[in-house]
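Chemist: Here it is: the structure, laid out below.
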Amino acid sequence: MLELIDVTRNFGGLRALDRVSLTANEGKIVGLIGPNGAGKTTLINQVSGIDQPSSGELVFNGQPIHK
């Protein structure tokens, strides 16, 4: 299971993600949709480890992804 808890990402004065929370359970398909500039790619970069969140927690199977 993947859990995102209050994930925020700031780039200087721009807040790309603002306290995003999401739970994706095992065996389920989850879609991420939104308009251009909504932060979809930024969110995927947090989950994949390309980028670090400014605050919040990312947990996969009970283990933190970022520290």
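Chemist: If you scan the range 4-30, which residues turn out to be open to solvent by 60 Å² or more (accessible area, probe 1.4 Å), part of a strand (DSSP E or B) and among the charged types (D, E, K, R)?
Modeler: Asp6, Arg15, Asp18, Arg19
Chemist: Then there's this: Within the range 31-49, which residues are in contact (Cβ under 8 Å) with a residue 12 or more places away in the chain, open to solvent by less than 60 Å² (accessible area, probe 1.4 Å) and at negative phi?
Modeler: Those that are in contact (Cβ under 8 Å) with a residue 12 or more places away in the chain, open to solvent by less than 60 Å² (accessible area, probe 1.4 Å) and at negative phi: Thr42, Leu43, Gln46, Val47.
The values are calculated or read from the model by the stated rules, or taken from the named source; none is laboratory data. Since this is a predicted model, take the numbers as computed values, not measurements. Using ideal geometry, Cβ is built from the backbone for each residue, glycine included, and neighbour counts are taken over all protein chains shown. We work out accessible area using only protein heavy atoms, side chains counted, and drop any ligands, DNA or RNA first. Shrake-Rupley method; radii C 1.70, N 1.55, O 1.52, S 1.80 Å.
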